[in-house]
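Everything on this sheet refers to the single structure shown next.
Rule-based calculations on the coordinates, nothing more; no lab input. What you see is a predicted model; the values in this text were computed from it and never measured. Neighbour counts are summed over all protein chains in view; Cβ atoms, including those assigned to glycine, are modelled from backbone coordinates with ideal geometry.
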Amino acid sequence: MDGGARDKGSPPPKPSKFAVYQNPALSAALTTNSLRPSASTFLCILSIFAASAFALLSVIARHLRKMSLSHSISQSLVPIVHLNSAAAKSNTTTSGTGSQLPSAQTPPGFDQLVSTPWSSKRASSAKGITTEEELEQFLADVANSSGTTRSTPLRPVRMSPGSQKFSTPPKKREGDLPPPMSVEESIRAFENVGIYPQIEQWRDRLRQWFSSVLLNPLLNKIDTSHMQVMQEAAKLGISVTVSKVGNDLPNYRNHGYCFSRPYINAVVLTAKFSLGNMKQSSQQNSMIPIMQDCLDAITEHQRLQALMKGEWSKGLLPQSSVREDYTVQRIREFAEGTCLKNYEYLGSGEVYDKVNKKWTLELPTDSHLLLYLFCAFLEHPKWMLHVDSSSYAGSQSSKNPLFLGVLPPKDRFPEKYVAVISGVPSVLHPGACILAVGRQSPPIFTLYWDKRAQFSLQGRTALWDSILLLCHRIKVAYGGIVRGMHLGSSALGILPVLDPEIQG
């Protein structure tokens, strides 16, 4: 009884949470309002998938066609390369033995040696192509042998400068100096002349000679020439102020008034004319030597200014004119020490222009400048700039004359002469010894004698070696005499550089 009463008093079971969806009325309402894709939507989605698949297949097919075409072209090029290689080997064998090998000796399937276009066999057959010209010729042969017409010709791949080995020097263009020798070639050439290894010691002595004989006396002239003019003018009762060489200021001032250079030239000509009349009238006139000293001082000062401006001799420097202050400053830096420790064979623009830190073509390199000064010293020994070079050597001036910047005429030239010029010589005479210097930086120095180029030098020691070779050639082939003066004389004193036992 107790169990029956418990069953009747218990609550009814809890309905399931999904029981509501079992209501037929609610299910019908939900089904009626639900979204169902239409047939047109299904058709649109299907067409998009089909178009995407077609585009993907077309791209893959195009890529496969390109790969197949390049593979077939590469395989067609391989037999041509091997046939050319075989022909070259056949020609080499024929030229060496004097008999021609028959084509039947070529083993069958020779063109099948290469299995892939990029195998090592094909690479070894193309080793003969080392220049762009050979590559262009090879591509032209391939285009002609393929038998197919192309809308555009085959173009060679340009070699980068870093990838080239430069086993051979670059081709010499018309009007260029010969390419410079390598270190090994220059040593062999020195040995043939008989100056190796002596030239190694000559370089040091030449630098010392430049410092003691050429540069320091020239620097003394630069620092004192203006004072010499004022002193000599004062002896004549003339008060004149002259600016120092290299200051780029008006040169002559009298009581605060500036006189131009044409005015000074006119004064010099008038003084020379008056001096000539005085010599004719009275040889004992005490004013003659005083006036002559004044004229010499003015002439030396003006020629020194022209030398600093690069206008002393045209054709030796790449520039038509040079800043006077730069030349003076560079000479002052050269004169420091005893062996030109401040010489820079690659150029000295950074040494001079420390603000811009840039080498400009407006200034000559140290090599050009020192060779220019060396030629001026040969023309005016001991820097006696007031003396005309034609009269300094006296009656022997016609023996082995020196030409600077220009060569003698082609139809009228001395039997033997020495010349220093810029650029390639226009004519090579049998008895000429010519030192030609290039305009580039660093310059090339080429020496000619016996109507051909004997040396072509470029680099750190090229300037010193070229000057030493020029002096050595004058010594052995010209008796040591140039423009009538011996290299061992006290005025030049350069022969002891080549032979320390000789004292000037």
* Would you give the gap between the C-alpha center of the range 409-466 and the C-alpha center of the range 323-337, rounded to a whole Å? => 27 Å
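When a footprinting reagent is the concern and you count Cβ atoms within 10 Å, what order do Tyr478, Tyr448 take, fewest first? Mind showing how you got there, number by number?
On the way: Tyr478 17, Tyr448 22.
Lowest to highest Cβ neighbour count: Tyr478, Tyr448.
Give, as a single signed number, the net charge of other residues whose beta carbon lies under 15 Å from the beta carbon of Asp450, with Lys and Arg counted +1 and Asp and Glu -1.
Working: positive: Lys416, Lys451, Arg452, Arg473; negative: Glu415.
Computed value for this residue: +3.
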* Which whole-Hz ³J(HN,Hα) couplings does the range 205-213 yield from phi under the Karplus relation 6.51 cos²θ - 1.76 cosθ + 1.60, θ = phi - 60°, glycine and proline marked x? -> 5, 5, 5, 5, 5, 4, 5, 7, 9
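Count charges around Leu487 for me, please; just the other residues with Cβ under 12 Å from its Cβ, Lys/Arg as +1, Asp/Glu as -1. Mind showing how you got there, number by number?
Values: positive: Arg473, Lys475, Arg483; negative: Asp499.
In short, +2.
As a footprinting exposure proxy, order Met67, Met384 by other Cβ within 10 Å, with the fewest listed first.
Numbers: Met67 10, Met384 14.
Fewest to most other Cβ atoms nearby, the residues stand as Met67, Met384.
Starting from the range 454-504, pick out the trypsin sites (Lys or Arg not before Pro) whose DSSP state is loop and whose Cβ has at most 14 other Cβ atoms within 10 Å. Please report the intermediate quantities before stating the final value.
Numbers: sites: Arg460, Arg473, Lys475, Arg483; in loops: Arg460, Arg483.
Passing both the DSSP loop test and the Cβ count: Arg460.
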* Scan around Val482 for amide H atoms under 5 Å from its own, H built in the peptide plane at 1.01 Å from N, and keep only partners 5 or more places away or cross-chain. => Leu487
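If packing is taken as the mean number of other Cβ atoms within 10 Å per residue, what is the order of 215-221, 190-196, highest first?
On the way: 215-221: 16.6, 190-196: 13.6.
Order by mean packing, descending: 215-221, 190-196.
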* Asked: What's the exposure ranking of Glu333, Glu501, going from fewest to most Cβ atoms within 10 Å?
  -> Glu501, Glu333
* So, in nm, how far is label Thr338 from label Glu184 when the simple model puts each one 7 Å beyond its Cα toward the Cβ? -> 3.8 nm
